[in-house]
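Below: the structure, in structure tokens.
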Amino acid sequence: MHFKARAGQKLADVVLQENLRKAKSKFVDMRARAIAELDDFEATREAAKVLRDRTLDDLDLWLERFELEATRRGATVLWAKDGAEVCQRVVDIARRHGVKKVTKSKSMLSEEAGLNQALEDAGIQPVETDLGEYILQINDNEPPSHIIAPVFHKRKEEVSALFARVHKLAAKTDIEAMTREAREVLRPHFLSADMGISGGNFLVAETGSVALVTNEGNGRMVTTLPRVHVVVTGIEKVIPTLEDLATLMRLLPRSATGQSISNYFSLLTGVKHAEDQDGPAHMYFVLVDSGRADLVGGEFAEMLRCIRCGACMNHCPVYQAVGGHAYGWVYPGPMGSILTPLFAGIENAVDLPQAATLCNQCGVVCPVKIPLPDLLRRLREKQVEQRLRPTAERLALTAWAWLARHPALYALATRIGVRYLKWLAGGEDRIRVLGLAPEWTLGRDFPAPEGKTFRELYAQKH
Amino acid sequence: MRVGLFVTCLVDMMRPRIGFSALKLLESAGCEVTVPAAQTCCGQPGYNSGDRAGALGLAEKLLTEFENCDFVVVPSGSCAGMIRTHYADLAKGDDALAGRMARLSAKTYELTDFLANIAKLEAVPGNFRGSIAYHDSCAGLRELGVKAQPRALLAKMPGVRLTEMAGAEECCGFGGAFSVKFGEISAAIAERKCEGIRAANVDAVVLGDLGCMLNIEGKLRRMGDEKTRVMHVAEVLAGDPGGKA
């Protein structure tokens with residue numbers, strides 16, 4: 001099923017529509033307040049853009065530096081070229097350490113790779129501990145609909161019913177009680193897991209550290225309680241220095257959730273030493289390519305700057321209307337409409353780059369200044385080049401471009417066209433069903449033209 | 001100052017009176033206005049649909065027709081934005097053409113931007129009386145920074161009561177071909193926009209782009225709102241333009 005069909009279902013989903021309306025202004029308003037705290041938001045954005053570009057230009061060098069520094073501190077750095085290799089590496093690590101249970105904090109790359117399924121197939125129990133991800137996991141592994149707020153699409157009543165069914169406890173009505181219940185269910189898992197898997201918001205090359213931005217504290221439990229910690233993240237997340245981390249951290253929580261700083265911020269460096277009170281005895285990094293290296297230096301390289309804040313989707317009118325599931329893969333919204341075709345193949349996501357009004361509400365909020373509408377337009381060009389557009393559309397575009405370069409014929413065609421439309425309106429100021437563009441009049445009228453073209457009226461007068 | 005008026009294809013076909021309104025306003029501001037007779041389309045539909053070659057052909061046609069003018073003025077944020085911010089991209093790889101495009105881009109203005117900042121129109125001829133909420137069209141706002149200009153011009157009209165509606169800067173859901181490729185989503189976005197307009201309870205919602213105008217008017221009427229007028233800012237500012245259809 002394609003984006004358009006899924007979107008149609010989502011538009012008809014009354015509960016989802018109500019949830020989307022409520023959630024929309026929350027993210028938008030909170031971000032607006034949070035960025036106002038910065039003396040010079042635009043200069044910080046520019047600095048972040050420049051530092052991300054500079055790093056990505058020499059990505060191989062920074063990754064080598066990261067590997068060196070992380071290894072020096074007792075961690076093991078492994079590389080994965082795609083999702084299958086991610087699963088392979090993680091399952092191998094689990095087997096090596098005799099792991100039966102894994103606790104996980106949020107990792108979008110784990111979603112990309114289908115890691116939970118691979119762990120289960122290998123007889124290892126994965127337990128999602130981010131509250132949203134946990135809710136999805138116990139709801140028959142439902143996919144997330146937002147990269148920051150995975151259960152963005154759900155109401156508390158739905159979660160209450162789910163908890164009562166799965167936990168076999170009396171249904172709770174308020175969110176605090178439900179959260180407490182989840183904590184109580186998760187606590188034994190935290191204490192009994194042999195391995196923790198986290199994502200990584202940034203990799204700091206100069207110290208070999210991973211930076212984690214979380215709000216629930218589960219990330220801290222996942223990365224410090226079990227004896228093995230595995231970080232699964234993309235190769236593009238590396239940045240040179242702690243100073244760079246400070247710049248990006250001024251932008252990430254503010255852009256994502258409207259917080260000056262997230263509730264928890266962890267900078268994890270190396271394995272537990274004799275004098276440390278806690279931390280893992282074994283630390284692994286699985287650094288994933290999955291299509292990223294191919295983007296370096298190319299016409300979509302700017303997308304690699306993305307720091308996964310979700311501001312683009314929060315501000316996207318299309319995302320606000322249909323929610324994240326309509327996009328069909330891990331990343332929804334404008335960033336997803338670019339990443340999905342780039343990672344999964346342009347021919348496998350033909351609708352996504354088209355499903356945007358190019359309003360640039362995403363581009364102006366992106367903390368690293370990715371020109372998202374330009375990249376969407378570039379993907380549309382690729383679709384035309386690769387003949388992925390329907391014949392009727394190709395013909396219409398060619399015909400329009402040809403006609404508009406022949407002013408005399410254009411004048412004749414438009415005169416006839418507007419008279420036809422005026423006739424269709426039948427004396428009314430609108431057309432209620434337009435056969436030429438049936439999609440337009442599904443949900444709105446088409447205002448009738450005045451009946452003559454400007455050019456003919458102007459010629460009569462001058 | 002010799003100003004070339006590019007009326008845009010949608011004004012040409014759907015609302016000629018907006019073209020005459022723009023003409024009247026430019027003349028009121030003391031401009032010598034020329035309207036190249038063979039003008040058609042700026043190439044935006046092709047450009048946004050991935051047809052670079054088709055878009056480039058139309059960009060070169062427009063360039064030839066308008067490059068001798070001191071200024072090019074367009075009663076549309078998205079068409080002016082196309083010329084100002086995207087023509088250079090189309091000409092990439094051809095230095096001579098890129099240079100000509102850059103000069104054209106630099107002298108191309110959205111109508112209210114030109115009237116407020118370049119021509120410095122003092123006396124606004126229109127006589128509209130009533131309350132107005134302004135819808136900021138995406139390209140005008142985010143590509144060209146058109147925000148204060150139309151409001152400053154409307155504020156010169158004694159009969160106009162300008163109010164701000166919630167979500168004025170949010171997209172109406174038009175998006176060119178998006179509106180017919182994803183009609184349901186487009187209409188759903190328009191519905192939110194129209195809820196904001198209706199909550200503002202104004203006599204007219206005023207805007208600067210034909211695409212938004214057709215989308216918003218079409219949605220308001222389908223929602224049963226027969227009362228709220230949907231007007232281009234040029235119509236409000238100019239009053240009776242003459243040249244009836």
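Taking (1) facing chain A (nearest Cβ under 9 Å); (2) within 29 Å of A:VAL384 (Cα to Cα) in turn, B:ILE18 satisfies each apart from (2). Counting only helices (runs of 4 or more DSSP H) that sit wholly inside segment A:389-462, those with at least 2 residues that are among the aliphatic types (A, V, I, L, M) and surrounded by 13 or more Cβ atoms within 10 Å (Cβ to Cβ) are A:391-404, A:407-425.
Kindly evaluate B:GLU32 against the criterion of being touching a Leu at 6+ places or on another chain (Cβ under 8 Å), more than 7 Å from chain A (Cβ to nearest Cβ) and either modelled with pLDDT under 95 or surrounded by fewer than 21 Cβ atoms within 10 Å (Cβ to Cβ) (or both).
Taking the combined requirement at face value, the residue does not satisfy it.
May I ask you to say which residue of A:HIS229, A:HIS153 is modelled with pLDDT under 95 and either in contact with a helix residue (DSSP H, G or I) (Cβ under 8 Å, 6 or more places away or on another chain) or acidic (Asp, Glu) (or both)?
A:HIS153
Remark: pairs (first residue in segment A:357-370, more than 7 Å from chain B (Cβ to nearest Cβ); second residue of a type in the set (D, E, K, R); Cβ separation under 6 Å; 6+ apart in sequence or on different chains) = A:PRO367/A:ARG45; A:VAL368/A:LYS49; A:VAL368/A:ARG52; A:VAL368/A:ARG305; A:LYS369/A:ARG45; A:LYS369/A:LYS49; A:ILE370/A:GLU302; A:ILE370/A:ARG305. In segment B:123-158, the residue that is farthest from the chain's Cα centre (by Cα) out of those that are assigned to a helix (DSSP H, G or I) and away from chain A (no Cβ under 14 Å) is B:ALA155.
When the test is whether a residue is crowded, with 24+ Cβ neighbours inside 10 Å, within 9 Å of chain A (Cβ to nearest Cβ) and farther than 23 Å from B:THR8 by Cα, B:PHE174 does not pass it.
Counting the residues of segment B:189-213 that are at the interface with chain A (Cβ under 8 Å from one of its Cβ atoms) and surrounded by fewer than 24 Cβ atoms within 10 Å (Cβ to Cβ) gives 2.
What residue, among those in segment A:1-33 that are part of a helix (DSSP H, G or I) and under 24 Å from A:MET303 (Cβ atoms), is modelled with the lowest pLDDT? Filtering segment A:1-33 for residues that are part of a helix (DSSP H, G or I) and under 24 Å from A:MET303 (Cβ atoms), the one modelled with the lowest pLDDT comes out as A:PHE27. Scanning segment B:88-115 for residues that are part of a helix (DSSP H, G or I), without any contact (Cβ under 8 Å) to a residue 40 or more places away in the chain and within 14 Å of B:LEU144 (Cα to Cα) returns B:SER105, B:ALA106, B:ASP113. Give me the residue from segment B:37-51 that is touching a Leu at 6+ places or on another chain (Cβ under 9 Å) and within 7 Å of chain A (Cβ to nearest Cβ) and, out of that set, farthest from A:ARG394 (Cα to Cα). Per the criteria, the residue is B:THR40. Here A:LEU169 meets each of (1) under 28 Å from A:LYS100 (Cα atoms); (2) touching a residue at least 24 places away in the same chain (Cβ under 8 Å); (3) touching an Asp or Glu at 6+ places or on another chain (Cβ under 7 Å); (4) of a type in the set (A, V, I, L, M) with one exception, condition (2). If A:PRO447 satisfies every condition in (1) touching a residue at least 12 places away in the same chain (Cβ under 8 Å); (2) out of contact with any Lys or Arg (no Cβ under 9 Å at 6 or more places or on another chain) but one, which is the exception? Condition not satisfied by A:PRO447: (2). The residue list A:ARG52, A:ARG72 contains one member that is under 29 Å from A:GLU216 (Cα atoms) and at pLDDT 95 or above, which is A:ARG52. Looking only at segment A:34-53, how many residues end up being without any contact (Cβ under 8 Å) to a residue 40 or more places away in the chain and assigned to a helix (DSSP H, G or I)? Residues meeting the conditions: 4.
The values are calculated or read from the model by the stated rules, or taken from the named source; none is laboratory data. None of the values given here were measured: they were computed from a predicted structure. For neighbour counting, all protein chains shown are included, and Cβ atoms are generated from backbone atoms with ideal geometry for every residue, glycine included.
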